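Just so you know, all these numbers are worked out from the coordinates, no wet-lab data involved. Here the structure is a predicted model, which is why all the values come from computation and not from measurement. Positions of Cβ are generated from backbone atoms using ideal geometry, with glycine treated the same way; all protein chains shown enter the neighbour counts.
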Amino acid sequence: MNNRRMGEAFVLGALLCIGLAVCGYFISAAVTRIKAADRTVTVKGLSEREVPANIAIWPIKFSVADNDLNTLFSKIQRNNSLIIRFLRTHGFKDPEISISAPAITDRQAQGYDPNKIKFRYSGISIITVYTRNVDSVRDTMKKLVELGKAGIAISGQDYNSKTEFLFTGLNRIKPEMIEEATKNAREVAERFAKDSKSSLGRIRHARQGQFSIRNRDSNTPYIKKVRVVSTVEYYLTD
């Protein structure tokens, strides 16, 4: 009887050991697979393009001064008419031209000593060209001397009256740039996998960066540099 019980206990113990060994094998294999799944590489892919601006915003600013307010407004109207005629002569259409309300300053009302100022009133007027004909703006800007000969003192470009060149065609080139950035990222990942004696697996995570549009340099604001960086994480396999 005792021998029978001892035999049963032995068989039960052997089965338990075998079960624990098999369980341990599967747990070890699962851990190995999990660790393999955790092996990843994160890379970045860049795409850059140089594109011409397709919109120009050109403010033409001038100032006048006088002691008589009515005369001051007459000078502003005269100069506005001359500038508009100048722009029409160089091919710009009326819908592309807008005139801002003049800004008038009464220096005497601001507390200036009337004995120390030559003109009591000063006025500033801005005529703005908004056009897709960027090349015409660039060419016509070189001919502003013609307005100087007509007695109009064109003010230099300051922060509030600086010519802007814009690029609004991003949606047209965006798909190609995203594809290029992703392709470049994969090439980098493949080189990394080769160097580490691994194989490149599927994508674990991908993130598209924001597109940036900047002037190529300070001297050519009419040429834009468009840039995007994509970040992609790949699995690595043995």
For segment 38-67 and segment 200-234, what is the separation of their Cα centres, given in Å?
-> 14 Å
Quick one: if you stick a label point 7 Å off each Cα along the C-beta vector at Ser218 and Thr128, how many nm between them?
-> 2.5 nm
Where Lys and Arg each count +1 and Asp and Glu each count -1, what net charge lies around Ala65 among other residues with Cβ under 15 Å from its Cβ?
-> +4
Where the Cα pairs of segment 55-165 fall when distances are cut into 10 Å bins, in % | 13, 43, 29, 12, 3
Could you give the length gained on full extension between Arg138 and Arg172, defined as 0.36 nm per residue of separation minus the Cα-Cα distance, in nm?
-> 9.8 nm
With respect to the cross-link table entries Lys61/Lys162; Lys61/Lys142; Lys143/Lys224; Lys174/Lys224; Lys44/Lys174; Lys118/Lys149, which display a Cα-Cα separation exceeding 19 Å?
-> Lys143/Lys224; Lys118/Lys149
So, with points 7 Å from each Cα along the Cβ direction, the Ser98-Arg85 label distance in nm works out to 2.6 nm
Cα→Cβ-extended label distance, 7 Å offset, between Ser196 and Asn70, nm | 8.5 nm
Per the rule of 0.36 nm per residue minus the C-alpha distance, extending Lys149 to Asp113 adds in nm 9.7 nm
